[in-house]
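FYI, it's all coordinate maths here, none of it is from the lab. All figures in this text were calculated on a predicted structure; none of them were measured in a lab. Heads up, the Cβs are rebuilt from the backbone with ideal geometry, glycines too, and the neighbour counts pull from every protein chain shown.
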Amino acid sequence: MSLKDFSIQLYKIGAIKFGQFKTKVGIMTPVYCDLRVIVSYPEVMKRLADLLAAQIKTLNNIDVLCGVPYTALPIATAVSLETGLPMVMRRKEAKDYGTKKLIEGVFKDGDKCLIVEDVVTSGSSILETVRDLQNEGLKCKEAIVLLNREQGGFKILESKGIKMHSLLKLTELIDYLIEANLISKDEREKLDKYLAENQLNESILNKAPAVDRLKLSFESRSKQAKNPIASKLFQIMATKKTNLCLAVDVTDSAILLNLAEQVGPYICALKTHIDILEDFHENLIAPLKEIAERHDFVLFEDRKFADIGNTVQQQYSKGIYKIGTWASLVTAHSLMGKGVLDALKGAPGLPERGIFLLAETSASNSLITEQYTKATLKLASEYPDLIAGIVCQNPLFLDQPGLIQLTPGVKIEEKKDSLGQQYNSPEAVVVGQGADVAVVGRGIIEAKDPVVAAKMYRDLLWQAVSKRVEA
């Protein structure tokens, strides 16, 4: 009766929903269990802690508890208070300050840890938690969950040496709600059919991401971008049908303005190295901004910030260039860590700005390592509202459609210059390497007719995007 009453409570607070929903593993389900709402109902949380504590008493030799982040953390806390068992906490990512621990709390090597989870479909989240706990010397052989969705998670965990205990199975929960006349028997029939057709096995743990940005249109990705400049850039690309970024690495202001005016209709962004202009004057900025607004492209200063936070903030907002007042996009290295991003985010200037972090380079013999690239992607994930995209040479983040891959080094005629810059064709960069925005410099600015060259690169790059999406 206590489980039946508890099931009714879950339904009444909206933790159990019926319709069509996508699960973490990417499949649709007619029943969604949104147990995060329990934190807003203390009496339901107390009941859950009582039920879990009663079952934990039947288990032997439990030293500590650990909730799977993040939904199960408050559940584990409530159970810890109810049982008196100490708790440790796993972070999804280690801090880069203080103790830099991934597992917080007090424990001894060899302590037996009981994993606490809310819902299990495949068991992947439990296995991720077990991996990190075991790396710290804890022993993990059992897990206790509120709800077993009965889709194979129990067997998958068992095959990995984890015994799962559950308060409720999904079919039991539905039966309780039918008995209470809260739902019709039709829901059980739908569920039985769904479970029969959607059983999972270990292969799901290695499944490709449910979302592949390479197959999505720029228009749809604009709605998924968390950075406003990334969203704007996606919209420009979709509207103008161009993913061409022009790199105007020139030393004369008049040439820069003329190229911006001539090529503006065919590009989505204009990338500058403003500090190489030999005749820079602040009066340059107003006409440059006017051209960008009229031709609908984004101004992008390739500053590659890489210094302590205070210096970066000064470089961005002050000096003769005052980059923050006109460049919606800038580049930065991740070498100096969060300080650079915090400085750019807090600097005065544009109300909306975007940053491209450099994860890879088109220069040969670069010292960038695979470890550095992975650390850069991790850093980007911690600043979703600030990071517009990643500068790289490979499709590193297929499951993050809101980020833009910017790839330099596009030129049709050449493969390499005398200073180590490597070039690739438009199709190779977009289809093969995963670029969303491709950067072309000398292939246009040194062409006999920059307008003709820009049209050609625009068309070739857009054809490659269309080929990639439709493939």
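When both bridge partners sit in segment 213-470, DSSP labels roughly 5% of those beta bridges antiparallel. In this structure, the pairs whose alpha-carbon distance is over 24 Å, taken from Lys17/Lys185; Lys108/Lys163; Lys232/Lys318; Lys17/Lys46, are Lys232/Lys318. Applying the Karplus relation 6.51 cos²θ - 1.76 cosθ + 1.60 with θ = phi - 60° to segment 61-71 yields 3J(HN,Hα) values of 6, 8, 9, 9, 10, 8, x, 5, x, 10, 4 Hz, where x marks Gly and Pro.
Calculated mean residue ellipticity at 222 nm for the chain: -11000 deg cm²/dmol, from DSSP H runs with n ≥ 4 weighted as -39500 (n - 2.57), summed, divided by the residue count and rounded to 500. Gly349 sits among other residues whose Cβ lies under 14 Å from its own Cβ, and their net charge, with Lys and Arg +1 and Asp and Glu -1, is +4.
Simple spin-label estimate for Ile13 and Asn310 gives 4.9 nm between the two label positions (7 Å along the Cα-to-Cβ direction from each Cα). Take each peptide in 393-400, 124-131, count the other Cβ atoms within 10 Å of every residue, and average; sorted highest first, the result is 124-131, 393-400. Computed from the alpha carbon positions, the gyration tensor of segment 180-337 leads to an equivalent ellipsoid with semi-axes of 48, 20, 15 Å, biggest first. Scattering from the C-alpha atoms of the chain alone, worked out with Debye: what is log10 I(q)/I(0) at q = 0.07 1/Å? Rounded to two decimals, the profile gives -0.49. Here, segment 2-206 yields an orientationally averaged convex hull projection of 11.8 nm² when only Cα atoms define the hull. Listed by chain and number, the aspartates and glutamates whose C-alpha is less than 18 Å from the C-alpha of Lys101, apart from same-chain residues fewer than 8 away, are Glu93, Asp109, Asp111, Glu128, Asp132, Glu136, Glu382. Packing, taken as the mean count of other beta carbons within 10 Å per residue, orders the peptides 101-110, 345-354, 460-469 from highest to lowest as 460-469, 345-354, 101-110. Between Glu290 and Asp449, what FRET efficiency comes out of the Förster formula 1/(1 + (r/R0)^6) with R0 = 22 Å and r the beta carbon distance, rounded to 0.05? Calculated transfer efficiency: 0.35.
Take every pair of alpha-carbon atoms less than 8 Å apart whose residues are at least six positions apart; their mean separation over the length of segment 213-470 yields a relative contact order of 22 percent.
The Cα trace of segment 213-470 gives Rg and Dmax of 16.9, 47 Å, the first to one decimal, the second as a whole number. Mind jotting down the distance between the C-alpha centroids of segment 238-263 and segment 27-81, whole Å? Rounded to whole Å, the Cα centres lie 57 Å apart.
Under 5 Å from the amide H of Asp34 lie the amide H atoms of Ile16, Lys17, each residue being 5 or more positions distant or on a separate chain, with H modelled from the backbone and absent for Pro and chain starts. For the chain, the relative contact order is 11 percent, taking Cα pairs closer than 8 Å that sit 6 or more residues apart in sequence and dividing their mean separation by the residue count. Excluding same-chain neighbours fewer than eight residues apart, the aspartates and glutamates reachable from Lys4 by a Cα-Cα span under 15 Å are Asp50, Glu172, Asp175, Glu179. Kirkwood radius and radius of gyration were both taken over the C-alpha atoms of segment 288-350, and their ratio Rg/Rh is 1.01. Within segment 252-368, the percentage of alpha carbon pairs spaced more than 18 angstrom apart rounds to 52%.
Once C-alpha pairs closer than 8 Å and six or more residues apart are averaged by separation and normalised to the residue number of segment 40-195, the relative contact order reads 18 percent.
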